[in-house]
């Protein structure tokens, strides 16, 4: 049930069909037009998708070498409070900040809370900051499918530092890691028990490890945890960037250690720019997203094929009734598509 039954009766907003309208507006740093462009990119309507891709093509020449930073951590670690603290500090250093957050969507209603602007009240009101929450929907690990395109739009609009917050520790980190330059893992004070609960792959992706909530009674635990994580990081293979991830302490609530975290982020970017890893990594990421986009495009094309739509339900039911294996059902659908293509020629 919708929260507002009258909402569906309202007239839909008109979406301009001129890509120059969006492009020129973003180049003027018009926040309202940037928001409209992001809504266009997030739309699933085919005509909007075509327009969005044309817009993204026009944005490419205007995208500069910005700082893309992923922030990950388990629920409750204080990601939103940390992002507000580090974002406000970065603005004090003259940065233009965009924060892209992924909210968990309801799998029943497909709605999401989208409460990040409420949780980051001070940052959302800062003139040099832009916060855009996006519902995670049904995508793997809660990563919004259009987050990367949204990041490109923000860069076109002049934001030079982009933070991407993930839902939590899981598969989403793989996709976020493939779209950022610096991956920051946020943890809570603890010891060996917490270390055992963190997947090795997440630790290996981290460029900076930051233990948050290190105040009051947590301070002693935080120092113990710092030693544990430093020892663990030394056991991992050397990173491709040749960078050694530091372990830092901070309290986002009390704003302690935030300046040191920002300094480490700046040091990291100086380092990877100096050894040309940043440029090399960006190219590898483009290769990754090309393959991901091809996989997604082929999947959509296949499911929309008339022969697949005609036989999908019966094949699916046959699999459910254990009359045919999933492998052979998929193979038969592919053969139907091939046969249809041959008949057309």
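Quote to one decimal, in nm, the extra length available between residue 322 and residue 283 on full extension: 0.36 nm per residue of separation minus the C-alpha distance between them.
Numbers: separation 39, 0.36 × 39 = 14.04 nm, distance 4.52 nm.
So the chain would gain 9.5 nm between residue 322 and residue 283.
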**Complete:** If 314, 252 are placed from fewest to most neighbouring beta carbons inside 10 Å, the sequence is 314, 252
**Asked** Given the Cα-Cα distance of residue 39 and residue 126 and 0.36 nm per residue of separation, how much length would full extension add, in nm?
**Response** 29.1 nm
**Fill in**
Two pseudo-spin positions, 7 Å from Cα along C-beta at residue 204 and at residue 266, lie apart in nanometres by 3.3 nm
**Complete:** Fewest-first ordering of 327, 82, 269 by Cβ atoms within 10 Å yields 327, 269, 82
**Request:** Quick one: pull the percentage of alpha-carbon pairs in segment 9-61 with a separation above 15 Å.
**Result:** 43 percent
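Which whole-number percent gives the relative contact order of segment 237-308, counting Cα pairs below 8 Å spaced six or more residues apart? Before the final figure, lay out the partial values.
Working: 21 pairs, mean separation 13.1, N = 72.
It comes to 18 percent, rounded to a whole number.
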**Asked** Pulled fully out, how much extra length does the chain show between residue 48 and residue 235, if you take 0.36 nm times their separation in residues and subtract their Cα-Cα distance?
**Response** 62.5 nm
**Prompt:** Going by how many other beta carbons lie within 10 Å of each one, how would you line up 148, 282, 64, fewest first?
**Reply:** 64, 282, 148
**Prompt:** At residue 28 and residue 273, where each label point lies 7 Å from the Cα along Cα→Cβ, what is the point-to-point distance in nanometres?
**Reply:** 3.1 nm
**Asked** So what is the orientation-averaged projected area of segment 305-344, using the convex hull of its C-alpha atoms, in nm²?
**Response** 2.5 nm²
**Asked** Between residue 217 and residue 309, what FRET efficiency comes out of the Förster formula 1/(1 + (r/R0)^6) with R0 = 45 Å and r the beta carbon distance, rounded to 0.05?
**Response** 0.15
**Item:** Part-to-part distance (alpha-carbon centres) for segment 41-84 and segment 251-309, which is given in Å
**Value:** 10 Å
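A short reminder: the numbers here are calculations on the coordinates, not readings from a lab. Predicted model, so just to flag it, every value in this text is computed and none were measured. Here Cβ is always computed from backbone atoms with ideal geometry, including for glycine, and neighbour counts include all displayed protein chains.
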